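Just so it is clear, none of the values below were taken in a lab; they were calculated from the coordinates. These numbers were taken from a predicted model, which means no experiment stands behind them. Heads up, the Cβs are rebuilt from the backbone with ideal geometry, glycines too, and the neighbour counts pull from every protein chain shown.
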Amino acid sequence: MILTNIRTTLEMVKIEHTLFALPFAFLGAVLAARGLPTAWQIVWISVAMVGARSTAMAFNRIADKDYDARNPRTKMRAIPAGVLSVGFAWMFVAVSAAIFFLAAAMLNRLTLILSPVALASVVLYSYTKRWTLLSHLILGWCLAIAPTGAWIAVRGTIDSPVPLLLSLVVMLWTAGFDVLYSCQDYEFDRREGLYSIPARFGIARSLWISRSLHTGAFAAVVALYFLTNLGMLAVVGVVATGSLLIYQHTLVRADDLSRLNAAFFTTNAFVSVILFLTFGGALLIHH
């Protein structure tokens with residue numbers, strides 16, 4: 001029974017979507033180390049990422065369980081469908097948070113000191129749609145912690161604008177695709193009085209807001225290239241990222257959201273992996 005619950009919980013928190021942020025954490029670590037981090041650092045950065053994201057997603061499912069039960073798109077999620085109990089989900093949150101704090105402690109003193117800030121951010125996000133349109137940017141902030149956190153994990157300090165610029169890329173990129181994803185819940189959010197950019201501005205304008213956020217993310221990627229000066233392989237990463245962002249927006253129209261999942265999941269997983277392979281690979285080649 002416990003193993004079944006754990007498997008269902010891992011499906012609920014979509015553990016595979018850690019792929020969105022994990023490559024950015026690894027890129028932050030590689031840039032900080034100016035090469036490969038130690039095996040110790042790689043392992044504990046990975047554990048911290050999984051712990052933090054599992055905490056955030058499970059807590060979000062608990063906080064949103066009543067909304068999820070009323071939303072046709074989400075009513076079959078594990079908690080509203082009765083597959084998992086709220087008590088078990090709380091236990092999973094507690095264990096995931098403990099794993100995250102352990103990983104932070106195993107890295108260095110500053111990561112441990114800052115770990116409550118990171119965890120508080122991902123927990124706070126679950127309530128933001130109840131009171132602010134900025135929920136999309138706050139989600140972006142939560143994922144943007146990853147590269148700067150990994151930089152701190154390696155160096156024990158923030159001694160360069162590089163991780164902050166990489167975090168800006170992640171924040172704007174995440175906010176942009178979250179605005180897209182939220183278009184699915186346009187009518188539900190309006191009916192429930194929830195705050196989101198689509199609920200406030202409508203789907204057509206929200207698509208333009210998403211494009212603007214992704215334009216900002218691309219500009220930050222270009223700035224990161226000039227700041228790091230990593231050569232042609234990094235240029236390939238810049239061009240590929242821009243192309244994927246453009247492609248993502250060709251999949252979605254105000255009157256046709258049928259390909260939104262392809263835009264959200266597939267394209268965005270590629271963005272993080274491509275930037276890691278190109279910028280990280282260029283750094284390893286240079287050093």
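What the table shows:
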item: Over the chain, relative contact order from alpha-carbon pairs under 8 Å, at least 6 apart, %; result: 22
item: Cα pair count fraction exceeding 22 Å, expressed as % - the range 189-287; result: 40
item: By average C-beta atoms within 10 angstrom, highest first, the peptides 272-282, 235-245; result: 272-282, 235-245
item: Span per principal axis, largest first, for the Cα atoms of the chain (Å); result: 54, 43, 30
item: Nearest-20 debye value, the range 105-246 charge dipole, Cβ charges on Lys, Arg, Asp, Glu; result: 140
item: Where chymotrypsin sites (Phe, Trp or Tyr not before Pro) fall in DSSP loop in the range 96-202, at most 10 other Cβ within 10 Å; result: Trp131
item: Å³ per residue enclosed by the Cα convex hull of the range 159-200; result: 61
item: Computed magnitude of the charge dipole of the chain (debye, nearest 20; Cβ of K, R +1, Cβ of D, E -1); result: 200
item: Sequence-distant residues sharing a close amide H with Asn71 (under 5 Å, placed H); result: none
item: Karplus 3J(HN,Hα) series, Hz, for the range 220-233 with 6.51 cos²θ - 1.76 cosθ + 1.60 (x for Gly, Pro); result: 5, 5, 4, 4, 4, 4, 5, 6, 8, 6, 9, x, 5, 4
